[in-house]
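J.: Supplied in structure tokens, the structure appears directly below.
What follows is calculated from the coordinates using simple rules that are stated; it is not laboratory data. These figures come from a predicted structure and were not determined experimentally. Heads up, the Cβs are rebuilt from the backbone with ideal geometry, glycines too, and the neighbour counts pull from every protein chain shown.
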Amino acid sequence: MKLIKLLALGLVIVNLNTLAQKKTEILIWDENPLEQTEEKSKRVQTLDYKTDAAITVYTPKNPTGKTVLMCPGGGYTHQATAHEGHDMADWYNAQGITYAVLKYRLPYGDSSLPLSDAEQAMRILRKYSKELGVDPGKIGIAGASAGGHLASTLATHYSSSETRPDFQILFYPVISMDAKKTHMGSRKSLLGENPTDELVKLYSNESQVTPDTPKAFIMLSSDDGAVPPSNSIDYYTALLNNKVKASLHAYPAGGHGWGFRDKFPYKQQWTGELEKWLREEIK
């Protein structure tokens, strides 16, 4: 009996060692972003979403170089940094994938702020790729809900090769700003009460796809009552029309906002399918 307990304890220790990670908190607009101080750590933890932005990077014990930069959702009014952010770190790290959670500035009337933060986060990950154990050619953007809109915005609006993601992962994303199919709360927060037609089209990412848009893994629930499934379907169709590789996974139930929560009935399916996609598509 004692031997069995010791063996079980040993397996737990081995498992914890496998998941061991290094956590690096980075203020992305800081002059010395990799400098770690107690004051900076406090600023990251109590970030003012009006004025500052940061990434928390989780580096696995044996990094493969693959990296995912995650944008939590929240309708562009707040950020669900737990189940749509930090809670996924161990799962990614167990695959040898470096995982970074972006705390981006909220728009407050300036629609350019979230995108500028996503671009800066990509610059940081590539500039300090050696120090962070990152392969600069295997960095993807991910996002959930409004964070999925931000992720798809970066994937379609990147300004240079330095900020272009190599792939994108979208959880039940807001894609369009068209009033007929968008999430109106996200649209209002990002674009204001009465945006121009030009601004609506600019941030309707199904209209911004090109052959250079990175490959995509998209997932949603068919019964999503907050963000119409047509957002994902239209984006997927636009990707295919532009000969961009894409994988669409529509689960029959689950609603909206499940992220990494265990209560989502198809968690085993999406984690297994995404793990396979990351293994086979990102090489």
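J.: How far apart, in nm, are two points set 7 Å out from the Cα along the Cα-to-Cβ line at Glu280 and at Lys201?
T.: Each label point lies 7 Å from its Cα, and together they span 3.9 nm.
J.: Right, something else. Give me the angle, in degrees from 0 to 90, between the Cα long axis of helix 112-127 and the longest principal axis of the Cα atoms of the chain, rounded to the nearest 10.
T.: Long axis of 112-127 versus the principal axis of the chain: about 40 degrees.
J.: So what is the orientation-averaged projected area of the chain, using the convex hull of its C-alpha atoms, in nm²?
T.: Across all orientations, the chain yields a mean hull projection of 16.1 nm².
J.: Applying 1/(1 + (r/R0)^6) with R0 = 45 Å to the Cβ-Cβ distance of Thr237 and Val44, what FRET efficiency is obtained, to the nearest 0.05?
T.: Computed FRET efficiency for Thr237 and Val44: 0.70.
J.: Could you give the radius of gyration (one decimal) and Dmax (whole number) of the Cα atoms in the stretch 60-178, in Å?
T.: Both quantities, over Cα of the stretch 60-178: 13.4, 44 Å.
J.: Further, regarding this structure: What dipole magnitude, in Debye to the nearest 20, does the chain give about its Cα centre under +1 on Lys/Arg Cβ and -1 on Asp/Glu Cβ?
T.: 840
J.: For the chain, set up a Gaussian network in which alpha carbons nearer than 10 Å are linked by springs, and say which option among Glu162, Glu84, Glu193 fluctuates the most.
T.: Checking each option, the largest mean-square fluctuation is seen for Glu193.
J.: Relative to the present Cα-Cα distance, how much length would full extension add between Thr271 and Glu35 at 0.36 nm per residue of separation?
T.: 81.6 nm
J.: I'd like the Kirkwood hydrodynamic radius of the stretch 20-73, using the inverse of the mean 1/r over distinct C-alpha pairs, in Å.
T.: 12.4
J.: Given the C-alpha centroids of the stretch 31-77 and the stretch 168-215, what is the distance between them in whole angstrom?
T.: 25
J.: Go through the stretch 217-228 residue by residue and turn each phi into a ³J(HN,Hα) via Karplus (6.51, -1.76, 1.60, θ = phi - 60°); whole Hz please, and just put x for glycine and proline.
T.: Per-residue couplings from phi come out as 10, 10, 9, 7, 9, 5, 9, 5, x, 9, 10, x Hz.
J.: Then there's this: How long are the semi-axes of the equivalent ellipsoid of the stretch 132-283, defined as square roots of 5 times the Cα gyration tensor eigenvalues? Whole Å, largest first.
T.: 23, 21, 13
J.: Using the Karplus curve 6.51 cos²θ - 1.76 cosθ + 1.60 with θ = phi - 60°, what ³J(HN,Hα) values do you get for each residue of the stretch 187-197, in whole Hz, with x for Gly and Pro?
T.: Computed from phi, the couplings for the stretch 187-197 are 4, 4, 5, 7, 10, x, 5, 10, x, 6, 4 Hz.
J.: If you don't mind, there's one more thing I want to ask. Could you work out how far helix 2-19 tilts from the main Cα principal axis of the chain, as a 0 to 90 degree angle to the nearest 10?
T.: The two axes meet at around 40 degrees.
J.: Relative to the longest principal Cα axis of the chain, at what angle does helix 267-281 sit, 0 to 90 degrees, rounded to 10?
T.: 90
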